[in-house]
Amino acid sequence: MPSPQAHLPPWYLEGFAARGEPGDDGPHVWAFRPWIGEWKRAPVRRPDGAEHHFDDVEEGALDRVAPLGEEMLGLGGEVAPLLRQGLAARRPISPAERRALARFVAIVAVRNARGAGDLPLAEARAGVDAMERVLGEMGWVFWLASGKAYFITSSSPFHAALPERDRIAAGFRLTEPEVEVTMPLTPRVALHGTWRRKGELWRDASEDAHLELNGRTCKGAGQFLVSPEAALPG
């Protein structure tokens, strides 16, 4: 059984499975951990009997917010099909799909943030609810990678910023009109939340957009990066 104490759910990580890599024991990704210093091919799901897995959370670190991990796992039935099929095909998403995706991104934003394990559960849940409301009100741009380009993810892939002021999430409100948020959803699709538009829009990502989005993902990667290839694009 997948652990609610993992950083990210297997159904999300499976979307970043290595290209062209056979695996009778299930999909694999390429994971980079700073203390190892190189990309290692690793199974998305913990093998039976394995002592360590790249997606492990330090024992006890997220015990206080464990229900959020359980909820994140449970969103797979609603969100995974959208990530695997709908978004890259530029299919319009339903209100129910938008709510489920906003909830998933909100949980990742709060639960996987540095220091989240020290929050009382009620405070963490309030943060998730507030983040979900903000995401629901924002316009969404889905950036699409093509050709050899791809997006990576990390142990904490959500990023919020005020780009025009070169500031990161600390020290400003997410409701400020210049704020934008980003999160890779698959190697082909990244979410960009913005107050500059409403609804959803699909756009082909330029080389600069790839570099910017992957750079943001790296900034929050305290534990690991995950990629479909053993390299960081660009």
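Output the residue which, of all residues in region 53-62 that are of a type in the set (D, E, K, R) and surrounded by 15 or more Cβ atoms within 10 Å (Cβ to Cβ), is farthest from residue 9 (Cα to Cα). So that I can check it myself, show each step before the final result.
First, pick out the residues of region 53-62 that are of a type in the set (D, E, K, R): 55-56, 58-59.
Next, from what is left, pick out any that are surrounded by 15 or more Cβ atoms within 10 Å (Cβ to Cβ): 55-56.
Values: 55: 9, 56: 11 Å.
Going through the qualifying residues, I end up with 56.
Take residue 65 and tell me if it is crowded, with 19+ Cβ neighbours inside 10 Å, touching a Ser or Thr at 6+ places or on another chain (Cβ under 8 Å) and under 24 Å from residue 113 (Cβ atoms). Criteria not met by residue 65. Here the condition is being modelled with pLDDT of 90 or more, touching a Lys or Arg at 6+ places or on another chain (Cβ under 7 Å), under 22 Å from residue 88 (Cα atoms) and of a type in the set (D, E, K, R); of 229, 207, it holds for 229 alone.
Quick grid of which residues meet (1) closer than 24 Å to residue 18 by Cβ; (2) among the basic types (Lys, Arg); (3) over 16 Å from the mean Cα position of the chain (by Cα); (4) crowded, with 22+ Cβ neighbours inside 10 Å:
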site	(1), (2), (3), (4)
96	no, no, yes, no
103	no, yes, no, no
107	no, no, no, yes
112	yes, no, no, yes
115	no, no, yes, no
147	yes, no, yes, no
153	yes, no, no, yes
158	yes, no, no, yes
161	no, no, no, no
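The listed residues are 79, 181, 128, and the only one of them that is among the β-branched types (Val, Ile, Thr) and under 20 Å from residue 218 (Cβ atoms) turns out to be 181.
Take residue 161 and decide whether it is at negative phi, at pLDDT 95 or above, of a type in the set (A, V, I, L, M, F, W, C) and in a strand (DSSP E or B). Even if it seems obvious, please write down each step before you answer.
Details: at negative phi: yes; at pLDDT 95 or above: no; of a type in the set (A, V, I, L, M, F, W, C): yes; in a strand (DSSP E or B): yes.
Answer is no for this residue.
Scanning region 127-141 for residues that are within 17 Å of the chain's Cα centre (by Cα) and assigned to a strand (DSSP E or B) gives 140, 141.
For region 90-106, the criterion of being farther than 20 Å from residue 225 by Cα and touching a strand residue (DSSP E or B) at 6+ places or on another chain (Cβ under 6 Å) is satisfied by at least one residue.
On the given criteria, is residue 103 within 23 Å of residue 202 (Cα to Cα) and assigned to a helix (DSSP H, G or I)? Yes, satisfied.
Do the conditions hold for residue 10, that is, is it under 16 Å from the mean Cα position of the chain (by Cα) and closer than 25 Å to residue 121 by Cβ?
Values: under 16 Å from the mean Cα position of the chain (by Cα): yes; closer than 25 Å to residue 121 by Cβ: yes.
Yes, satisfied.
Quick grid of which residues meet (1) in a helix (DSSP H, G or I); (2) modelled with pLDDT under 95; (3) among the hydrophobic types (A, V, I, L, M, F, W, C):
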position: 18; (1), (2), (3): no, yes, yes
position: 24; (1), (2), (3): no, yes, no
position: 45; (1), (2), (3): no, yes, no
position: 52; (1), (2), (3): no, yes, no
position: 60; (1), (2), (3): no, yes, no
position: 65; (1), (2), (3): yes, yes, yes
position: 72; (1), (2), (3): yes, no, yes
position: 91; (1), (2), (3): no, yes, no
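All conditions in (1) more than 22 Å from residue 101 (Cα to Cα); (2) modelled with pLDDT of 90 or more hold for residue 200, with the sole exception of (1). Residue pairs whose Cβ atoms lie under 6 Å apart, separated by 6 or more positions or on different chains, with the first residue in region 87-102 and farther than 12 Å from residue 142 by Cα and in contact (Cβ under 8 Å) with a residue 12 or more places away in the chain and the second in a helix (DSSP H, G or I) and hydrophobic (A, V, I, L, M, F, W, C), are 97/82; 100/79; 101/79; 102/135.
The values are calculated or read from the model by the stated rules, or taken from the named source; none is laboratory data. The shown structure was predicted, so the numbers you read here are calculated from the model rather than taken from an experiment. All Cβ positions, glycine included, derive from the backbone under ideal geometry; neighbour counts span all protein chains shown.
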